[in-house]
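This report refers to the structure that appears directly beneath it.
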Amino acid sequence: MLSLLAAAMLAASPPAPGAPLRLSDLLAEARARNPDLRAAAFRADGASSAASGAGALDDPRFMVQLWNTPIDFSTVPVMFQLTQGFPLSGKLGFRRELADAEASAARAEATAARRDVEAEVARAYFDLYRAQRTAEIDAALRPMLQALRQAAAARLATGKGEQAEVLKAEAGQLELEEDVAVAGQEEGMARARLGALLDRAPDFPGTTVPPRILPELPPLEALRTRALEHRSEVKVAQAMAQGAAAQLKLAEAERVPDLGTLFGYMYAFNQPGERNFIFAGLEINLPWLWGRTEARVSSARALGEAASAARTGAAARIGGEVADALARVRAQERVAELHHRLIPILQAALDSSRAAYASGRGDFLLVLDTVRELRRHQLELTMALAAYGRALADLQRAVGEDLGLLAAAEGGVDDAHH
């Protein structure tokens, strides 16, 4: 996993100045640079490394000691002793199963962390799109409002207009400037969140790409089924259940005594006659003596029940997350479709009312109301597209596999459904 992480860090790079800011590039950079993902990858590698040695025997013990040496050291017997324990009843295999389950849980948690970060990056990206698109809409309306104010002032000077028209045009300009300031603040906040997720300064360049609505998504039941197959939380719960089962088997196997072997060699310095001696022996532990084995069995059984309950709870929670995210996706899709149909109509109405006002036949308030109505629907479309992208990111995270988020985030247009 670390080699893949290193390769991703070399491949991911910030976008060049002037280049469009694409979600695919940001996700690749987050996978390579996000500190939480790197920490999760190291934990998973550490758990896998620990599992590889979990089924080995305990280290042998070697001891050197003086043995029955007289106080005057007239003889110096030195003993060399080697001991090795041998767990019986399959304990080594159960230890390996437990370690493998913990490694599987760590890998699943690393995957879950990656999907969480990817969802956060996507949410921040669509928030940035909303702020930038709002600024674009306001920038396009600024000269129109200025032209309306100038026309109102000209009509007032010729006696054909009213002072209220000029004041309303000025109020519209001030409201626009307020919205521009709010959009700039929201853009800064979105860039700051992206900078934290990508582990770099938030002043990176780039303009987001307009999203689009996906033509189709799978039905709810199919998404729930896929979520239960792919979600990392389910895999973590399964690994916990496997680990609890292995821990129970290990606790029950501890009722069987373990075998210990001993081999020793002693050489007696300054001793007449035989100086070389060997020792050998066997020992067993007495696991049932103090009742700790039964307590471990009870604890392991309780952990198994907890793992089973956690798996059931994870399945229920995931089903709810999928249903909630899909409902939000479909709701925002309908809202965006409505605004895609309304905006061309309002644009035509604005062109007509402006032409009538310029010729002296139209009403100023009708023009100003149409401008505001067009801007409102443009902003609501922007918010709907951003909310659609955020909801789709949540749905993709809830399902645990790709549902077309990148296709929705790139290649779209702001004023055409599908």
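Observations, loosely collected:
- Selection count, region 201-221, where residues are in contact with a strand residue (DSSP E or B) (Cβ under 7 Å, 6 or more places away or on another chain) and not β-branched (Val, Ile, Thr): 1
- From the list Leu57, Leu92, Leu98, the one residue that fits, being free of Cβ contacts under 8 Å to residues at least 60 places away in the same chain, more than 30 Å from Arg193 (Cβ to Cβ), within 40 Å of the chain's Cα centre (by Cα) and not in a loop (DSSP other than H, G, I, E, B), is Leu92.
- Lone unmet requirement of (1) surrounded by 17 or more Cβ atoms within 10 Å (Cβ to Cβ); (2) closer than 30 Å to Thr111 by Cβ; (3) not hydroxyl-bearing (Ser, Thr, Tyr) for Ala327: (1)
- Residue within region 167-188 that is closer than 30 Å to Asp36 by Cβ, of a type in the set (Asp, Glu) and part of a helix (DSSP H, G or I) present: yes
- Any hit, region 17-31, residues being modelled with pLDDT of 85 or more, buried (at least 17 other Cβ atoms within 10 Å of the Cβ) and among the basic types (Lys, Arg): yes
- The lone exception for Leu259 - which of (1) within 30 Å of Leu82 (Cα to Cα); (2) touching a helix residue (DSSP H, G or I) at 6+ places or on another chain (Cβ under 9 Å); (3) hydrophobic (A, V, I, L, M, F, W, C) it fails: (2)
- Hey, Ala315 of a type in the set (A, V, I, L, M, F, W, C) and under 30 Å from Ser232 (Cβ atoms) or not: yes
- Selection of region 190-246 for residues being of a type in the set (A, V, I, L, M) and more than 28 Å from Ala307 (Cβ to Cβ) yields Ala190, Ala192, Leu194, Ala196, Leu197, Leu198, Ala201, Val209, Ile213, Leu214, Leu217.
- Within region 339-353, restricting attention to residues that are surrounded by 15 or more Cβ atoms within 10 Å (Cβ to Cβ) and free of Cβ contacts under 8 Å to residues at least 40 places away in the same chain, the residue that is farthest from Ala387 (Cα to Cα) is Ser353.
- Being at pLDDT 85 or above and assigned to a strand (DSSP E or B) is a description that does not apply to Ile318.
- From the options Asn270, Asn276, residue that is modelled with pLDDT of 90 or more and more than 40 Å from the chain's Cα centre (by Cα): Asn276
- Residue, surrounded by the fewest Cβ atoms within 10 Å (Cβ to Cβ), within region 199-224, restricted to residues that are of a type in the set (A, V, I, L, M) and more than 30 Å from Gly320 (Cα to Cα): Ala201
- Checked against the criterion of being modelled with pLDDT of 85 or more, touching a helix residue (DSSP H, G or I) at 6+ places or on another chain (Cβ under 9 Å), part of a helix (DSSP H, G or I) and aliphatic (A, V, I, L, M), the candidates Val371, Val335, Val367 yield just one match: Val335.
- Qualifying positions in region 225-241 - surrounded by 18 or more Cβ atoms within 10 Å (Cβ to Cβ) and either closer than 19 Å to Glu118 by Cβ or under 17 Å from the mean Cα position of the chain (by Cα) (or both): Ala227, Arg231, Ser232, Glu233, Val234, Lys235, Val236
- Sole residue being of a type in the set (A, V, I, L, M, F, W, C), in contact (Cβ under 8 Å) with a residue 24 or more places away in the chain and either touching a Lys or Arg at 6+ places or on another chain (Cβ under 7 Å) or at negative phi (or both), chosen from Ala316, Ala302, Ala241: Ala241
- Residues of region 296-324 satisfying the condition of being surrounded by fewer than 16 Cβ atoms within 10 Å (Cβ to Cβ), under 18 Å from Gln242 (Cβ atoms) and either touching a strand residue (DSSP E or B) at 6+ places or on another chain (Cβ under 8 Å) or not hydroxyl-bearing (Ser, Thr, Tyr) (or both): Arg301, Ala302, Glu305, Ala306, Ala309, Gly313
- Among the criteria (1) touching a residue at least 40 places away in the same chain (Cβ under 8 Å); (2) on the phi < 0 side of the Ramachandran plot, the one Ala222 does not fulfil is (1).
The values are calculated or read from the model by the stated rules, or taken from the named source; none is laboratory data. Every value quoted in this text rests on a predicted model; they were computed, and no experiment measured them. Positions of Cβ are generated from backbone atoms using ideal geometry, with glycine treated the same way; all protein chains shown enter the neighbour counts.
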